[in-house]
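Below is one structure; the comments refer to it alone.
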Amino acid sequence: MFGLDPTLLFLLFFCLFAACAFEFVNGFHDTANAVATVIYTHSLKPTQAVVWSGFMNFLGLLTGGVGVTMSIIGLLPTELLIDSNVYHSMAMALALLLSAILWNLGTWYLGIPASSSHTLIGSIIGIGVGHALLPENSTKGVSAINWDKAIEIGQALLLSPLFGFAAAIILMYILKKSIKNKAIFKEPKKDTPPPMWIRAILVTTCTLVSFFHGRNDGQKGIGLVMVILIAFLPGYFAVNTNLNLNEVKASLSTVKAVTAKIDTLPLSEKERESYHKIMDASTDLDVIIASGLSPAKLTTIQKFDIRKAALNINKHAKKLLESESVDLSAGDKKILKKATAGDKAPFFSFGSTSSTGIAGVTDFAPAWVMWIVALSLGLGTMVGWKRIVVTIGEKIGKNHLTYAQGASAELIASITIGLATAYKWPVSTTHVLSSGIAGTMVANRGIKNLQGGTVKNIVMAWVLTLPVTIILSATLFVLFRWIAG
């Protein structure tokens, strides 16, 4: 099958299983946040809540496209994404998966709402650090890591919970001033469902958080699976074999025409280097396209050449577009961005699993990948949720969650995650919702209304996740590369 020897075939299926396991764990680890409010306000019974949330996660992932997926993959050093040595790629995939799963399971077992997003991103950065520690890369250091992308994602992960905390306080204040019916601010009566209008609000916000969780966090699982497939089966997945090369050729012509307008004299040395890399990569890509072969008939080496050229064009075009020294008009910048990164994905992209423009060469996922990840996430939501739900519902604040607090936290979380997905930023559902609930507790009775021990544990997990997963992933990667030879 696929021309792999039995050992590699076994490892391929093991890695795919592990990726689905990560997304399964992500389901009951993160999505417990979404169901905590409806369970603790008795709006839905636990079984109803987790089944409904699982379905909405499933639906959200299938309609979310691949924008966040490619942001995650873009953290990896380009050299690893174009390495044709399957054993090297295997070491990367195994280290990434094992470090992410170990930390996720550990924090879940302790009932700490840690972030699967932080976990995965820390593991990916760890791969870059491990790659830099290899003897053959000693002169490059950690420069091979895509730090620009890491900083961009880091900012999204840092700012989103702060936004959730502040916005929840503001929303609670607005609700207190504008709603005269004070029933929404009361604690739920034991085993008694809330009034229908309150119940409708809470179920709606639970639905939105679950749906947007699937659209954002679910794409991280797709990214994992695509890394594995590219690693083990580059001949099939290094580039999008369903791509229309005529469309790529048209985008390439646009890139070359617009880039040629740039005056290189005002550019810095690094910007001038980016300019030349775009032009060189465009020429390389043009030569392969001119061969007239369909993507399916290209050799594995040619596919890696296409992948390398496309990644370089997009990476360096983005750098030039962000530079103030580039003297292109706003119209030309917009044209160049569309030709490289493609059009902005529609809000609903059901069945659309690839980007447009030059990005369409590498930014894709087969439909079957989306389905298995969606099923893993949806099923994971339906089990193992109780540990995190108890923490969210009982241990963040000193008082029982009120209807208004649950609705406010989830509404803010759904808006934050939805906006982040639209802009291709991976954010942490756990941190956004936990911080939102903390914000509502503060808005209700002040900072003293928070349980210091729980907040401390959540913050410690937040602080430790990145360094722990980076060290663990880097160590495993170096070990596996040493074993692979």
So which residues in segment 409-443 are surrounded by fewer than 24 Cβ atoms within 10 Å (Cβ to Cβ) and of a type in the set (S, T, N, Q), if there are any at all? none
Those residues of segment 290-311 which are surrounded by fewer than 13 Cβ atoms within 10 Å (Cβ to Cβ) and not charged (D, E, K, R), in sequence order: Ala290, Ser291, Gly292, Ser294, Ala296, Thr299, Ile301
So which pairs qualify, if the first residue must be in segment 289-311 and over 18 Å from Phe364 (Cα atoms) and at pLDDT 85 or above, the second must be open to solvent by 50 Å² or more (accessible area, probe 1.4 Å) and of a type in the set (S, T, N, Q), the Cβ gap must be under 6 Å, and the two must be at least 6 apart or on different chains? none
May I ask you to list the residues in segment 312-359 that are open to solvent by 40 Å² or more (accessible area, probe 1.4 Å), outside any helix (DSSP H, G or I) and modelled with pLDDT of 80 or more? Glu322, Glu324, Ser325, Asp327, Ser329
For a quick check of your reading of the model, give me the residue pairs whose first member lies in segment 33-56 and is within 21 Å of Val432 (Cβ to Cβ) and in contact (Cβ under 8 Å) with a residue 40 or more places away in the chain, whose second is of a type in the set (Lys, Arg) and in a helix (DSSP H, G or I), with beta-carbon atoms closer than 7 Å and at least 6 apart or on different chains. Ser43/Arg199
Going residue by residue through segment 233-253, is there one that turns out to be open to solvent by 50 Å² or more (accessible area, probe 1.4 Å) and among the basic types (Lys, Arg)? yes
Could you give every pair whose Cβ atoms fall below 8 Å, whose first residue belongs to segment 254-280 and is within 18 Å of Glu322 (Cβ to Cβ), and whose second residue is open to solvent by 70 Å² or more (accessible area, probe 1.4 Å) and part of a loop (DSSP other than H, G, I, E, B), counting only separations of at least 6 or pairs across chains? Ile262/Asp327; Asp263/Asp327; Pro266/Asp327
Please name all residue pairs, on different chains or six or more residues apart, with Cβ atoms under 7 Å, provided the first residue is in segment 401-430 and is farther than 24 Å from Gly122 by Cβ and the second residue is acidic (Asp, Glu). Thr402/Glu187
If Leu267 satisfies every condition in (1) under 17 Å from Leu336 (Cα atoms); (2) open to solvent by less than 60 Å² (accessible area, probe 1.4 Å); (3) not small (Gly, Ala, Ser) but one, which is the exception? (1)
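Look at segment 441-485 and say how many of its residues are in contact with a strand residue (DSSP E or B) (Cβ under 8 Å, 6 or more places away or on another chain) and modelled with pLDDT of 70 or more. Steps first, answer last, please.
If we filter segment 441-485 for residues that are in contact with a strand residue (DSSP E or B) (Cβ under 8 Å, 6 or more places away or on another chain), which is where we start, we get 441-442, 444, 449-451.
Next cut, modelled with pLDDT of 70 or more only: 441-442, 444.
So the count comes out to 3.
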Quick one: count up the residues across segment 173-196 that are modelled with pLDDT under 80 and part of a helix (DSSP H, G or I). 4
Checking Ser253 against (1) out of contact with any Ser or Thr (no Cβ under 8 Å at 6 or more places or on another chain); (2) among the small types (Gly, Ala, Ser); (3) more than 18 Å from Ala310 (Cβ to Cβ), which test does it fail? (3)
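Take the conditions surrounded by fewer than 17 Cβ atoms within 10 Å (Cβ to Cβ) and either without any contact (Cβ under 8 Å) to a residue 60 or more places away in the chain or not basic (Lys, Arg) (or both) and apply them to Lys182. Does it pass?
So Lys182 passes the test.
The values are calculated or read from the model by the stated rules, or taken from the named source; none is laboratory data. None of the values given here were measured: they were computed from a predicted structure. Here Cβ is always computed from backbone atoms with ideal geometry, including for glycine, and neighbour counts include all displayed protein chains. Just so you know, the surface numbers come from the protein's heavy atoms only, side chains and all, with ligands and any DNA or RNA stripped out. Shrake-Rupley method; radii C 1.70, N 1.55, O 1.52, S 1.80 Å.
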